[in-house]
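Working notes, beginning with the structure itself.
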Amino acid sequence: MPDLLKKPFGTHGKVHQITPESAGWRYVGFDLLKLRAGESWAEATGENEVILVMVEGKAKIRAAGQDWGELGERMNVFEKTPPHCLYVPNDSDWSLETTTDATIAVCKAPGKSGHEARKIGPDGIELTQRGEGANTRFINNIAMENEDYCDSLLVTEVFTPAGNWSSFPSHRHDEDDYPRITYLEETYYHRLNPADGFGIQRVYTDDLQLNETMAVHNGEVVCVPRGHHPCGAPYGFEMYYLNVMAGPLRKWRFVPAPNVEHMM
């Protein structure tokens, strides 16, 4: 099985490129662009739909035959303000020119020509609390199940305070058995504050045939092909992650790990 922890392969240009082939799965793709002010980038979506997430910085974007103007506002992801995003359907083109230094996530999954290009956020995205106590974290839902913006993609941002856990109680979404559970592959793009910090993420199945615990650092991506996938932020280090999920059905149904089911 491919390594679950993906380190960036540079500091400029396309620094992550996760494809179904490289991840050993079928649905989710994830690229990350780190560009300087005044640089350009262009791609065709092909068979995939795409959500461009302005993680940091600003860019002028054209997509699907339209000029969407300048998108982006926050210059540091830990400002926690709602992101500016753009949905681009399959069989389309998109291009951008940065107006500041920028970090841009390109979230991908199979498209079915079911939705038109559209801006997502910042209006309509509100930072909301999930969990309690040391399990408290804060969510910016970009395109989850309640937002009928996409054919396949489910995308959200999560901010985990220092000392807290997230994606917990442990749960899995690795079977195609709706409505009990849905099969969803998932990527976690991690950021840490301060940037020299670290977090912990564990990916494991009930039978422990898959059982990996990783130290995750700023800018790294964890792939979750199956199993439970909790993560923790040590005291002193705040954690952000951008989740991308997709599978055969655009619904998020999960099953908790037996030893934490009573916490749900």
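The values are calculated or read from the model by the stated rules, or taken from the named source; none is laboratory data. Because the structure is a prediction, the values reported are computed rather than measured. Don't worry about glycine lacking a Cβ; one is built from the backbone with ideal geometry, like all the others, and counts go over all protein chains shown. Calculation scope for accessible area: heavy atoms of the full protein, side chains included, ligands and nucleic acids excluded. Shrake-Rupley method; radii C 1.70, N 1.55, O 1.52, S 1.80 Å.
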The number of residues in region 104-158 that are among the basic types (Lys, Arg), surrounded by 19 or more Cβ atoms within 10 Å (Cβ to Cβ) and closer than 22 Å to MET239 by Cβ is 1
Okay, strands (runs of 3 or more DSSP E) sitting entirely in region 84-154 with 3 or more residues that are over 12 Å from MET54 (Cα atoms), I get 93-98, 102-110, 128-130, 137-143
query = Is it the case that some residue within region 153-166 is more than 16 Å from the chain's Cα centre (by Cα) and under 21 Å from PRO248 (Cα atoms)?
reply = no
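Out of the residues in region 177-202 that are among the β-branched types (Val, Ile, Thr) and farther than 19 Å from LYS7 by Cβ, state the one that is surrounded by the fewest Cβ atoms within 10 Å (Cβ to Cβ).
Narrowing region 177-202 to residues among the β-branched types (Val, Ile, Thr): 181-182, 187, 200.
Next cut, farther than 19 Å from LYS7 by Cβ only: 181-182.
Values: ILE181: 18, THR182: 22.
Here the answer is ILE181.
Take the residues in region 21-52 that are within 16 Å of LEU154 (Cα to Cα) and not in a strand (DSSP E or B), then tell me which one is most open to solvent (accessible area, probe 1.4 Å). Give the derivation first.
As a first pass, look at region 21-52 and keep what is within 16 Å of LEU154 (Cα to Cα): 26-31, 48-52.
Applying the additional criterion that residues be not in a strand (DSSP E or B) yields 26-28.
On the way: ARG26: 150, TYR27: 44, VAL28: 0 Å².
Result: ARG26.
Tell me, please, whether a residue that is assigned to a loop (DSSP other than H, G, I, E, B), under 26 Å from ASN140 (Cα atoms), modelled with pLDDT of 95 or more and open to solvent by 50 Å² or more (accessible area, probe 1.4 Å) can be found in region 59-71.
No, because not a single residue in region 59-71 is assigned to a loop (DSSP other than H, G, I, E, B), under 26 Å from ASN140 (Cα atoms), modelled with pLDDT of 95 or more and open to solvent by 50 Å² or more (accessible area, probe 1.4 Å).
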Expected output for region 148-177 (first residue at negative phi, partner among the acidic types (Asp, Glu) and surrounded by fewer than 22 Cβ atoms within 10 Å (Cβ to Cβ), Cβ below 6 Å, 6+ apart or cross-chain) is ALA162/GLU238
For region 233-256, the count of residues that are more than 25 Å from ALA109 (Cβ to Cβ), surrounded by 19 or more Cβ atoms within 10 Å (Cβ to Cβ) and either among the hydroxyl-bearing types (Ser, Thr, Tyr) or in contact with a Ser or Thr (Cβ under 8 Å, 6 or more places away or on another chain) (or both) equals 2
Within region 164-176, of all residues that are in contact with a Leu (Cβ under 9 Å, 6 or more places away or on another chain) and crowded, with 18+ Cβ neighbours inside 10 Å, the one farthest from PHE138 (Cα to Cα) is ASP174
- Message: Would you confirm whether or not region 185-208 contains a residue that is among the acidic types (Asp, Glu), over 23 Å from HIS16 (Cβ atoms), more than 17 Å from the chain's Cα centre (by Cα) and part of a loop (DSSP other than H, G, I, E, B)?
- Response: yes
All conditions in (1) without any contact (Cβ under 8 Å) to a residue 60 or more places away in the chain; (2) surrounded by fewer than 19 Cβ atoms within 10 Å (Cβ to Cβ); (3) of a type in the set (Lys, Arg) are true of ARG226 except (2)
Selection from region 209-264 of residues at pLDDT 95 or above and either in a helix (DSSP H, G or I) or in contact with a Cys (Cβ under 6 Å, 6 or more places away or on another chain) (or both) yields VAL244
